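Shown next, in structure tokens, is the structure this report addresses.
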Amino acid sequence: MAFSIPHVELYDALRILHPTFSVAVIFPLIGIVSYFAWTTRQRRLQLKREEKKSGIPPIVGNEHLKLGRFLALGVVVTSLIGLLHPSVKYVLKNQLLEKEPFQVAILALLFAGTLAATILLFFTRQKMWLVVFGVTTALGVLLLGMQDWVFQRQGFGAIFRRDEAWLVSHFYLGMLVTLLMIFSMAIVPDIYKDRSQMWRNIHAIVNSFALVLFLSQGFTGARDLLEIPLGWQERFVFGCDYTNRTCDNLLQKAAWTDVLEKS
């Protein structure tokens, strides 16, 4: 007997791993990291105003750094999870293991290499390697996200990007916030070494923008989930006319089926 949650097949359960991880891990971390970012800044301002005295404990800065790094790591991993399911689905549906084994091998190497680079970026402290692993991770995420263009696939490819409305695309906004998290991990040593505060200000601006993008991801992700049918519903829903927003052809078919069954 195939594994299934009541009313949810394994195929559909795997599809919701990305939003599940986002809700259970990423968004709580966003709230915690934002809180520590705010208290860290308030402590720094108090120390400037009140002659090196503050009621906020100094540990808030270390907690912000530690949890911020976990948040950045989690965002990249969540993006890879979101890209993995449609990629595997496309490979199996189009029998690429038999038809295009080289393409499948490249995809597997990209996923493994990007994940490895992300982990190395998380643990690395040397500036040169932060740049190397940061660029490698960013390049891997971009190539995986744009795999349909890279492999010049025809028709509807593996990744749903919403190219015609990229400003409100869960994919494009998600890719942007992922790249910002990679950038944030890579510049950590510069923030603490730069006495001009330039990198600290860049960090604050970049992550304030990232916070707005995270909020937009909550909206666009929920919207996209409303448009994704269960596996057994796909052949019906995808048969609708999305331009005119009708399913008249399916209604007519259902009506004829009903007539034939009654006759």
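For the range 88-142, report the accessible area per residue in Å² (1.4 Å probe, heavy atoms, rounded to an integer). Present the calculation step by step, with values, prior to reporting the outcome.
On the way: 3430 Å² over 55 residues.
Accessible surface, normalised per residue, equals 62 Å².
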Exercise. Round to the nearest 10 and give me the degree value, 0 to 90, for the angle of helix 248-262's Cα axis relative to the longest principal axis of the chain.
Key: 40
Quiz item: Going by alpha carbons, how many degrees (0 to 90, nearest 10) lie between the helix axis of 59-93 and the longest principal axis of the chain?
Solution: 20
Quiz prompt | Projected-area mean, the range 63-120, by convex hull of Cα positions, square nanometres | solution = 4.0
Quiz item: Out of Leu73, Thr39, Leu107, whose Cα points farthest toward the positive end of the dipole of the chain (charges: +1 Lys, Arg; -1 Asp, Glu; placed on Cβ)?
Solution: Thr39
Self-check item: Candidates Leu29, Leu226, Leu84, ranked by Gaussian network fluctuation over the chain, Cα under 10 Å, top entry
Solution: Leu226
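Using a Förster radius of 25 Å, what is the FRET efficiency between Arg223 and Glu9 based on their Cβ-Cβ separation? Nearest 0.05, please. Intermediate results must be reported in sequence, preceding the final value.
Values: r = 23 Å, r/R0 = 0.93.
So, using R0 = 25 Å, E works out to roughly 0.60.
If exposed GluC sites (Glu not before Pro) are those in a DSSP loop with at most 10 other Cβ within 10 Å, what is the longest stretch of the chain that has none? Mind dumping the intermediate values first?
Numbers: sites that count: Glu50, Glu51.
Answer from the scan: 52-263.
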Practice problem: Treating the Cα atoms of the range 143-236 as identical point scatterers in vacuum, please give the log10 of the normalised Debye intensity I(q)/I(0) at q = 0.12, 0.15 Å⁻¹, two decimals. | Solution: -0.54, -0.75
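Given a 1.4 Å probe, how much area per residue of the range 163-256 is accessible, in Å²?
Working: 6130 Å² over 94 residues.
On a per-residue basis, the range 163-256 sits at 65 Å².
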Practice problem: Classify the range 1-128 as rounded, prolate or oblate, taking a ≥ b ≥ c as the square roots of the eigenvalues of its Cα gyration tensor: rounded when a/c is under 1.5, otherwise prolate if a/b is larger than b/c and oblate if not. | Solution: oblate
Exercise. Please determine, in degrees from 0 to 90 and to the nearest 10, the orientation of helix 27-49 with respect to the longest principal axis defined by the Cα atoms of the chain, where the helix direction is its Cα long axis.
Key: 20
Quiz item: With springs only between Cα atoms under 10 Å, which of Gly221, Gly31, Gly55 fluctuates most in a Gaussian network model of the chain?
Solution: Gly55
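Quote to one decimal, in nm, the extra length available between Phe238 and Thr20 on full extension: 0.36 nm per residue of separation minus the C-alpha distance between them.
Values: separation 218, 0.36 × 218 = 78.48 nm, distance 2.42 nm.
Additional length available on full extension: 76.1 nm.
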Practice problem: Would you work out the charge dipole size for the range 1-124 about its Cα centre, treating the Cβ of every Lys and Arg as +1 and the Cβ of every Asp and Glu as -1, and quote it to the nearest 20 debye? | Solution: 760
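Kindly flag which residue pairs out of Lys66/Lys89; Lys48/Lys193; Lys89/Lys127 have an alpha-carbon separation exceeding 29 Å in this structure.
Among Lys66/Lys89; Lys48/Lys193; Lys89/Lys127, the Cα-Cα distance tops 29 Å for Lys66/Lys89; Lys89/Lys127.
Please report, in debye to the nearest 20, how large the charge dipole of the chain is about its Cα centre when each Lys and Arg carries +1 at its beta carbon and each Asp and Glu carries -1 there.
Details: 26 positive and 19 negative charges, 301 e Å.
The dipole of the chain has a size of about 1440 debye.
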Practice problem: Please say if the chain is rounded, prolate or oblate, where rounded means a/c under 1.5 for a ≥ b ≥ c the square roots of the C-alpha gyration tensor eigenvalues, and otherwise the choice is prolate for a/b larger than b/c and oblate otherwise? | Solution: prolate
Practice problem: Treat each spin label as a single point 7 Å out from the Cα along the C-beta direction, and report the His85 to Val132 distance in nm. | Solution: 3.5
Quiz prompt | Top positive-direction residue, dipole computed over the chain with Cβ charges, set Ile187, Gln217, Phe21 | solution = Ile187
Quiz prompt | Rounded percent of accessible protein surface that carbon and sulfur make up, the chain, 1.4 Å probe | solution = 69
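The values are calculated or read from the model by the stated rules, or taken from the named source; none is laboratory data. Only a predicted model underlies this, so the values are computations on that prediction, with no experimental measurement involved. Reconstructed Cβ throughout: ideal geometry from the backbone, glycine too, with neighbour counts over all protein chains shown. Keep in mind that these areas ignore ligands, DNA and RNA; they rest on the heavy atoms of the full protein, side chains included. Shrake-Rupley method; radii C 1.70, N 1.55, O 1.52, S 1.80 Å.
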